[in-house]
Ligand code: IVH
């Protein structure tokens, strides 16, 4: 019985802590304390499985994957809304209602942001969460209880005395910040990114495996219940207060408006706030506040008479496609970017829009000089939808994918079956700059004060070129730059020195190695523990790790064998940024300062063995004869590389001589 009591106590505490943290944003215990209690509960529940209840916080983690989603009928249909597109529409809405009621609306309106996510219904019995479903067609939705449970801001147990049955309705959405992070991780895993936060939220909720949903940064706001009349509250405003007291998160920008002119003002406020909100909204919902009046007004076909959605103005516009710029990304991906005659969309000037890749602009049949339809997809990324072909006059010219990198001139490649064209020169300046920006960004080491703008400035001035240069910056250099001063210089230097010795996974993700995002970086850290171990890994060792695929392994091998990278990492090791790098450059090892190229076939060793030996002995491998190369090991049938090495005056070794270098007897 003791156990049962403690379990109840722990559930109560943990639910309370989660509510404070996720709903009220006012944590009252440390993460460590929360984890300790959570662990205690897990242990007790493991020992007494019969005492596990569905509303236990331990049930949030996911549960078993489903085969399909079950259908659920909503006890009361979930309606949609009619739209208003102007202030006049809002005034007409109010006038029509007054005529219908034959009285002025003296009790006001509730004006709420129209959250751009997915409508869901959460069913609570005796204050415990039982089922949750999508809106579906309004009458029948899909049972996504397990998925919804993983969202921490959805309470599993309600606070206070609640009716036997409570069906709460609201919106599940993803914050813009979480959306960006998710898309970065999708890209790092070579998965298709989501077009906008709404799609990402929908895609995340419709995962048959709730464990996947659990990893997605979803949030929830409640905005109503199925049958307001039965709530003992007189109005929407009171209901929203009540829902908050029950433990539900409610949007803080909901506002009671005494009359329609206040509604119009609130709309303007929201329109101004919109781009600064952490989540997307696509308009404002206006509801008659008083439930008695709502009831009298009733519903039309599919939408209530008592509410209307005031939509933000159309997010599409037409403009001219002036030219196409080809951008080089951090991993060398070439992205065609449309340069547009500036046009205002959602209050923001749009002069560039992504064309994604070659297939995309060809599929859309876009030409330079075209009049094009542009839109802001998901509120953030402007996109070219299509050309307006009727407006062509013959002066348009085709968009041509370049064959050489616009930044470094090296030949671009487009692997078969891939949509992306790439610059594969790891020393490409455009990639370097993007790499530096990434390294300092939140996705990397999060060095405060070294944002994009400043890195570009330092890069252009030649003050930083590769990552180690960041650690050589001094107060003397920084304080005298345009836009800098003693204080900002000191702040940046402090942030830089604070970023030393990051966890290996953070460091790896910061390096921006292709296919190595947060997830893979963590796998690698767990397996290798140190950079030195990882850098010496063979293809087989890498592929042995659960979760590391062919592409990631190949990318790592290529990265750690690139002589420039090797030197870069060595320099980083010398600055003390990452522990475990410097050891490799240990001058006591027989091959330190040696960069070797192998050519021809070896007799006693396989290529991989030979490479491994070089690394173990502190040396480095290169694949072609460059300035950095010191030695060449020529096996049988050595070809042009040998000749080149001779011409360049490099030390030529036989396989025997190489082995002797490592193991002098
Ligand atoms: S009330 C009968 N309030 O808008 C009232 N809906 O077309 C119906 N939405 O799919 C819903 N924010 O997901 C209401 N504060 C809010 C809302 C909201 C977003 C969505 C909802 C629904 C659509 C209505």
Residues being within 11 Å of the ligand (Cβ to nearest atom) and assigned to a strand (DSSP E or B) - total across region 290-307: 3
Search result, residues across region 144-162 that are touching a strand residue (DSSP E or B) at 6+ places or on another chain (Cβ under 9 Å) and in a loop (DSSP other than H, G, I, E, B): 144, 150, 151, 152, 153, 154, 155, 156, 158, 162
Sole exception among (1) over 16 Å from residue 118 (Cβ atoms); (2) away from the ligand (no atom under 16 Å from the Cβ); (3) modelled with pLDDT of 95 or more for residue 143, by number: (1)
Yes/no for residue 301 being closer than 30 Å to residue 196 by Cα and either surrounded by 16 or more Cβ atoms within 10 Å (Cβ to Cβ) or more than 37 Å from the chain's Cα centre (by Cα) (or both): no
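Only one of 170, 138, 117 is surrounded by fewer than 17 Cβ atoms within 10 Å (Cβ to Cβ), within 14 Å of the ligand (Cβ to nearest atom) and in contact (Cβ under 8 Å) with a residue 60 or more places away in the chain. Can you tell me which?
On the way: 170 fails: surrounded by fewer than 17 Cβ atoms within 10 Å (Cβ to Cβ); 117 fails: surrounded by fewer than 17 Cβ atoms within 10 Å (Cβ to Cβ).
Result of the check over 170, 138, 117: 138.
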Exclusive hit being surrounded by 12 or more Cβ atoms within 10 Å (Cβ to Cβ) and farther than 21 Å from residue 168 by Cα, set 17, 69: 17
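How many residues does region 70-95 contain that are without any contact (Cβ under 8 Å) to a residue 24 or more places away in the chain and either within 15 Å of the ligand (Cβ to nearest atom) or closer than 30 Å to residue 143 by Cβ (or both)? Please lay out each step first, then the result.
Start the filter on region 70-95 by keeping residues that are without any contact (Cβ under 8 Å) to a residue 24 or more places away in the chain, which leaves 86, 88, 92, 95.
Checking which are either within 15 Å of the ligand (Cβ to nearest atom) or closer than 30 Å to residue 143 by Cβ (or both) leaves us with none.
Residues in region 70-95 being without any contact (Cβ under 8 Å) to a residue 24 or more places away in the chain and either within 15 Å of the ligand (Cβ to nearest atom) or closer than 30 Å to residue 143 by Cβ (or both): 0 in total.
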Subset of region 313-324 (residues that are in contact (Cβ under 8 Å) with a residue 60 or more places away in the chain and either in a strand (DSSP E or B) or within 16 Å of the ligand (Cβ to nearest atom) (or both)): 316, 318, 321, 324
Residue within region 175-196 that is within 15 Å of the ligand (Cβ to nearest atom) and modelled with pLDDT of 90 or more present: no
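Is it fair to say residue 335 is free of Cβ contacts under 8 Å to residues at least 40 places away in the same chain, under 28 Å from residue 422 (Cα atoms) and assigned to a strand (DSSP E or B)? Break it down stepwise before answering.
Details: free of Cβ contacts under 8 Å to residues at least 40 places away in the same chain: yes; under 28 Å from residue 422 (Cα atoms): yes; assigned to a strand (DSSP E or B): yes.
It is true that residue 335 is free of Cβ contacts under 8 Å to residues at least 40 places away in the same chain, under 28 Å from residue 422 (Cα atoms) and assigned to a strand (DSSP E or B).
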Filter result (assigned to a strand (DSSP E or B), at pLDDT below 95 and buried (at least 17 other Cβ atoms within 10 Å of the Cβ)) within region 355-383: 374, 375, 376, 377, 382, 383
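Can you pull out every residue in region 488-513 that is in a loop (DSSP other than H, G, I, E, B) and under 19 Å from the mean Cα position of the chain (by Cα)? Spell out the reasoning first.
Just the residues of region 488-513 that are in a loop (DSSP other than H, G, I, E, B), to begin with: 499-503, 512-513.
Listed by number, the residues that qualify are 512, 513.
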Residue satisfying condition, being within 16 Å of the ligand (Cβ to nearest atom) and in a strand (DSSP E or B), within set 310, 352: 310
Residue list for region 615-651, restricted to those being in a strand (DSSP E or B) and at pLDDT below 85: 620, 621, 622
Criterion: assigned to a loop (DSSP other than H, G, I, E, B) and surrounded by fewer than 20 Cβ atoms within 10 Å (Cβ to Cβ) - qualifying residue of 545, 516: 545
Among the candidates 552, 537, residue that is modelled with pLDDT of 90 or more, closer than 24 Å to residue 189 by Cβ and not in a helix (DSSP H, G or I): 537
Conditions (1) assigned to a strand (DSSP E or B); (2) under 25 Å from residue 342 (Cβ atoms); (3) within 24 Å of the chain's Cα centre (by Cα); number of the one not met by residue 386: (3)
Tally of residues being in contact (Cβ under 8 Å) with a residue 12 or more places away in the chain and touching a strand residue (DSSP E or B) at 6+ places or on another chain (Cβ under 9 Å) across region 390-424: 20
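Taking region 559-569, which residues are closer than 20 Å to residue 631 by Cα, in a helix (DSSP H, G or I) and out of contact with any strand residue (DSSP E or B) (no Cβ under 7 Å at 6 or more places or on another chain)?
In the first step, residues of region 559-569 are kept if they are closer than 20 Å to residue 631 by Cα; the result is 560-568.
When the remaining residues are screened for being in a helix (DSSP H, G or I), the result is 560-561, 563-568.
Scanning region 559-569 gives 560, 564, 565, 567, 568.
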Which listed residue, of 532, 489, is farther than 18 Å from residue 426 by Cβ, surrounded by 15 or more Cβ atoms within 10 Å (Cβ to Cβ), touching a residue at least 24 places away in the same chain (Cβ under 8 Å) and in contact with a helix residue (DSSP H, G or I) (Cβ under 9 Å, 6 or more places away or on another chain): 532
Hits in region 167-196 (condition: in a helix (DSSP H, G or I) and under 16 Å from residue 153 (Cβ atoms)): 177, 178
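The values are calculated or read from the model by the stated rules, or taken from the named source; none is laboratory data. Here the structure is a predicted model, which is why all the values come from computation and not from measurement. Positions of Cβ are generated from backbone atoms using ideal geometry, with glycine treated the same way; all protein chains shown enter the neighbour counts.
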